[in-house]
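The values are calculated or read from the model by the stated rules, or taken from the named source; none is laboratory data. Everything numeric in this text was worked out from a predicted model, so none of it was measured. Don't worry about glycine lacking a Cβ; one is built from the backbone with ideal geometry, like all the others, and counts go over all protein chains shown. With ligands, DNA and RNA removed, areas are computed over all heavy atoms of the protein, side chains included. Shrake-Rupley method; radii C 1.70, N 1.55, O 1.52, S 1.80 Å.
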Amino acid sequence: MTMQDRSSAEAVYDAEEARRARAIRIESVARWLLPLLVVVATVLGWQWLVTANDIPHYILPGPFRVWEQLVTDWPMLRDSLFVTLKITVMALGVAVVGGVLLAILFDQSRFAELIFYPYAVILQVTPIVSIAPLIFIYVKEPTARVLICAWIVAFFPLLSNTTLGLKSTDHNLRDLFTIYGASRWQRLIHLQLPSALPYFLGGLRIAGGLALIGAIVAEYVVGTGGAGSGLAFRILEASYRLNIPRMFAALLLIGVVGVAIYAATALLSHLMLRRWHESAIRREG
Amino acid sequence: MTDLITRQTLPLGQRPRVLEMHDVLKVFNGTVTALKGMSLTVNAGDFISLLGPSGCGKSTALRLIAGLMQPTQGRILWDGDQGEGNGGRGDIGVVFQEPTLMPWATVARNVYLPFRLRGKSFASVAGEIREALSLVGLEKFADAYPRELSGGMKMRVSIARALVTNPRLILMDEPFAALDEITRQKLNNDLLQLKAKIGCTVIFVTHSVFESVFLSDRIVVMAARPGRVLEEITVDAPYPRDMAFRTSANYAAHTSVVSKALLAAIGETA
């Protein structure tokens, strides 16, 4: 596993090793092929279910009908997609800044943590659906309303994970920094923030999904007054008109956004940790 | 580093004093006496081992010297200064039982740490870092990350970091305890070669009689409950010491004396 003991002996496989190598090859293909096959099978099964039972499209549209609707409504849905995406990304951005800054504050001042942590927990455990109507009353700007809701939902995992990470430094390294006379600031920048990075990135993955949920839920609750042209509003609107294919099309887009956000945060995490962190290291042998 | 070499080659009596502990007492929580009545004089070029069972206060002594805690009573003086505090705290290197490297930084960046915390740029100390890495035989691994190294190699990086600033004193807290016997002996040999080259002053905490006899010119045998110094034994064998010393009669005689002292320390405790 280390660079000095990698031998240059020629390859010799016994039966057991050959079996293991084959299993690894099969898994590397199956990892992509199996999910793909399942998706194709689901789509075909769905289409068969709809055609075989003559289900009308205003009850359950087939996948190809949904796709047609998506293509037809694309200009409108695209605009809504951008609105939802913008709000999600903005909420995530504000949650990252707010969560990390609060975590640093909590870490630097024990009293700040004692005083403010209960509020953070209360915000977290109170369902956003119940806070949203109040925000609707107090905040007039439509985007700001939704943004605030999404932020409330998304920031807590970043705060709690980063707080944990800032505390999880190696105690010998802490001593070493003391011995070398490191300032508070040096300790934060050179020791605590790098130690917290894996925890922060774990929080980011959760917060990415939550920001999307927050944006959608907020739009359902507060965005109905003509405020929202996001995807959630499209789903509501389509449901009033019994345009079920469009509901499915918008739902599909939300799913795609969710997967894209998860993939982006996972990729970011991999890129930042791959050189040193255990979670990003592929085991050899 | 030439300065240190001349310091070490001076006869014992003329070497400058690095550190003096006067009757140091450390009590935790008002009731637990971790260390009592410890006095120790460290001269430049000394290699001193603190040997004793668990709870004998050897790690406490090391933490007091490192300035990580203050003595309850007694004084720790640096370079014969008159002050009470630890003015020289920034001028020591430390090696812990674990390599204690920053996993996110390369080997060179880890060795750079003491300089970085003093506000020096990497470029301005690149020469010192290269020299320290070559002293521990890792110059080729400057850009590797800690996880790519074996346990022994990580420990070498830790040693390079401790000596890169050319400190007055290097503290080692059971640095090789977690390594296998073969790696440990190799590192013991290398440590002595290193000391011969740069003439560093070392206080070395260990559980091992053999390690302490092989490395030190003085062994401080300590007993537990309360932690205290039982005996100070001088190892009367010239440096350089090599593998031949390990099999010599002199080595055997010393290990026997030290083992007896350690037995006494354990016996008094038990």
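Return an integer: the convex hull volume of the alpha-carbon atoms of the protein assembly as shown, in Å³ per residue.
Numbers: hull volume 132.9 nm³, N = 555.
Roughly 239 Å³ of hull volume per residue.
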**Report entry** log10 of Debye I(q)/I(0), alpha-carbon scatterers only, for the stretch A:11-54 at 0.21, 0.22, 0.24, 0.32 Å⁻¹
**Finding:** -0.72, -0.75, -0.80, -0.98
Report task. State the percentage of accessible surface on the stretch A:63-280 attributable to carbon and sulfur atoms; use a 1.4 Å probe and exclude ligands, DNA and RNA. Result -> 72 percent
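Counting only protein chains, not ligands or nucleic acids, how are B:225, B:168, B:147 ordered by accessible area (probe 1.4 Å), most first? Intermediate results must be reported in sequence, preceding the final value.
Values: B:225 180, B:168 40, B:147 75 Å².
Heavy-atom accessible area, descending, gives B:225, B:147, B:168.
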Query raised in the report: Just how large is the dipole of the stretch A:63-280 about the Cα centre, in debye to the nearest 20, putting +1 at every Lys and Arg Cβ and -1 at every Asp and Glu Cβ?
Result: 120 debye
Report summary line: The rounded separation in angstrom of the Cα centers of the stretch B:154-187 and the stretch B:245-263 is 23 Å
Report task. Taking a cut-off of 30 Å between Cα atoms, list the lysines near residue A:86, but don't count ones fewer than 8 places away on the same chain. Result -> A:140
Query raised in the report: Once you average over the residues of A:169-177, how many Cβ atoms of partner chains fall within 10 Å of each Cβ?
Result: 6
Query raised in the report: Under a 1.4 Å probe, what is the accessible area of chain A per residue, stated in Å²?
Result: 58 Å²
Query raised in the report: Given a 1.4 Å probe and every protein chain left where it sits, what share in percent of the accessible area of the stretch A:11-54 is carbon and sulfur?
Result: 69 percent
Query raised in the report: Under a GNM of chain B (C-alpha, springs under 10 Å), which listed residue has the highest mean-square fluctuation: B:157, B:111, B:27?
Result: B:27
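How long are the semi-axes of the equivalent ellipsoid of the stretch B:47-189, defined as square roots of 5 times the Cα gyration tensor eigenvalues? Whole Å, largest first. Before the final figure, lay out the partial values.
Numbers: eigenvalues 146, 85, 28 Å².
Taking √(5λ) for each Cα gyration eigenvalue gives 27, 21, 12 Å.
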Query raised in the report: For chain A, which DSSP H helices look membrane-span-like by this rule: Cα extent along the axis of 30 Å or more and mean Kyte-Doolittle of at least -0.5?
Result: A:15-52, A:74-108, A:142-167, A:193-222, A:244-273
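Excluding ligands, DNA and RNA, what is the accessible area buried between chains B and A, summed over both sides, using a 1.4 Å probe, to the nearest 100 Å²?
Roughly 2600 Å².
Excluding residue B:229 itself, what net charge comes from residues whose Cβ is under 11 Å from its Cβ, given Lys and Arg +1 and Asp and Glu -1? Working shown, then result.
Working: positive: B:36, B:58, B:228; negative: B:23, B:231, B:232.
Taking every Cβ under 11 Å from that of residue B:229, the sum is 0.
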Requested in this report: Specify the inter-centroid distance of the stretch A:95-146 and the stretch A:235-264, based on alpha-carbon positions, in whole Å.
Outcome: 28 Å
Query raised in the report: For the stretch A:47-205, max minus min Cα coordinate along each principal axis, in Å, sorted largest first?
Result: 77, 38, 27
Query raised in the report: Say each of residue A:241 and residue B:193 gets a label point 7 Å from the Cα, pointing the same way as Cα to Cβ; how far apart are those two points in nm?
Result: 8.2 nm
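So, R0 is 41 Å and r is the distance between the beta-carbons of residue B:130 and residue A:259; what FRET efficiency does that work out to, to 0.05? Before the final figure, lay out the partial values.
Details: r = 48 Å, r/R0 = 1.16.
With R0 = 41 Å, the Cβ-Cβ based efficiency is 0.30.
Using the Cα gyration tensor of chain A, with a ≥ b ≥ c the square roots of its eigenvalues, what is the shape: rounded (a/c below 1.5), prolate (a/b larger than b/c) or oblate (neither)? Walk me through the intermediate numbers first.
Working: a/c = 3.33, a/b = 1.17, b/c = 2.85.
Oblate is the answer for chain A, as a/c is 1.5 or above yet b/c matches or exceeds a/b.
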Query raised in the report: Taking the Cβ of residue B:154 as the center, what net charge do the other residues with Cβ under 12 Å away carry, scoring Lys and Arg +1 and Asp and Glu -1?
Result: +1
Report summary line: For residue B:197, the lysines lying under 17 Å Cα to Cα, once residues fewer than eight places off in the same chain are dropped, come out as B:186
Report task. Can you tell me what the convex hull of the Cα atoms of chain B projects to on average, as an area in nm²? Result -> 14.7 nm²
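Using the crude model of +1 on Lys and Arg Cβ and -1 on Asp and Glu Cβ, and no other charge, please compute the dipole size for the protein assembly as shown relative to its Cα centre, in debye to 20.
Numbers: 54 positive and 45 negative charges, 125 e Å.
The dipole of the protein assembly as shown has a size of about 600 debye.
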Report task. Run through the DSSP bridge list for chain B and note the antiparallel percent, rounded to the nearest 5. Result -> 55 percent
Report task. Go ahead and estimate [θ] at 222 nm for chain B from helices alone: -39,500 (n - 2.57) per DSSP H run with n ≥ 4, summed, over the residue count, rounded to 500. Result -> -11000 deg cm²/dmol
Requested in this report: Kindly state, to the nearest 0.05, the FRET efficiency for residue B:259 paired with residue A:109, given R0 = 56 Å and r defined as their beta-carbon distance.
Outcome: 0.60
Query raised in the report: Considering the Cα trace of the stretch B:101-167, what is its radius of gyration and what is Dmax, both in angstroms?
Result: 10.6, 30
Report task. On the protein heavy atoms, probe 1.4 angstrom, tell me the percent of accessible surface of the stretch B:132-172 carried by carbon and sulfur. Result -> 43 percent
Query raised in the report: Largest first, what is the accessible-area ranking of B:183, B:31 with a 1.4 Å probe?
Result: B:31, B:183
Query - Probe 1.4 Å, protein heavy atoms only - accessible area per residue of the stretch B:101-167 in square angstrom - result: 36 Å²
